[in-house]
Amino acid sequence: MVRVTVCVGSACHLKGSSEVIRILQDLIANYGLEDQVSLEGSFCQEHCTEGVVVHVDGELITGVRRDQVFQLFQEKILRRCQL
Ligand code: FES
């Protein structure tokens, strides 16, 4: 199981974390990966100036904007899944 967390603390929320989560949810569903990827919100990860903050299996990824989510999905999530 690939574990993805998206910070939903106030700074990341203001930078669009809910949109990042929504896009990730859609991608996970479109690729049929619901049983391989867990997606959760997390509290502040103490990188507030670098939001949106995402962790994939513990790997820290900062500065995620909505237009980068698909690339993050491809490079960090999809390659960890069995297709
Ligand atoms: S609010 Fe996301 S790291 Fe602090």
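Quick note: the coordinates plus some simple rules give every number you see, no bench work behind them. Remember, predicted model here, so these are calculated numbers, not experimental data. Don't worry about glycine lacking a Cβ; one is built from the backbone with ideal geometry, like all the others, and counts go over all protein chains shown.
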Using a Gaussian network model of the chain with C-alpha springs under 10 Å, which one of Gln36, Gln71, Gln25 is most mobile by mean-square fluctuation?
Gln71
How big is the antiparallel share of DSSP beta bridges in the chain, given as a percent to the nearest 5?
50 percent
Stretchable slack from Gln82 to Glu19, in nm (0.36 nm times residue separation minus alpha-carbon distance)
20.1 nm
Rounded Å value of the spacing that divides the Cα centres of the stretch 1-66 and the stretch 67-83
12 Å
Listing Thr62, Thr5, Thr49 by rising number of other beta-carbon atoms within 10 angstrom, fewest first, gives Thr49, Thr62, Thr5
Within the chain, cysteines having no neighbouring cysteine beta carbon under 4.7 Å are Cys44, Cys48, Cys81
Residue by residue through the stretch 40-45, which ³J(HN,Hα) values in whole Hz follow from phi under the Karplus form 6.51 cos²θ - 1.76 cosθ + 1.60 (θ = phi - 60°), with glycine and proline marked x?
9, x, 10, 6, 3, 9
Given unit charges at Cβ for Lys, Arg (+) and Asp, Glu (-), the dipole magnitude of the chain about its Cα centre in debye, nearest 20, is 120 debye
Under the helix-only model (-39500 (n - 2.57) for each DSSP H run of 4 or more, divided by the residues of the chain), the mean residue ellipticity at 222 nm, to 500 deg cm²/dmol, is -7500 deg cm²/dmol
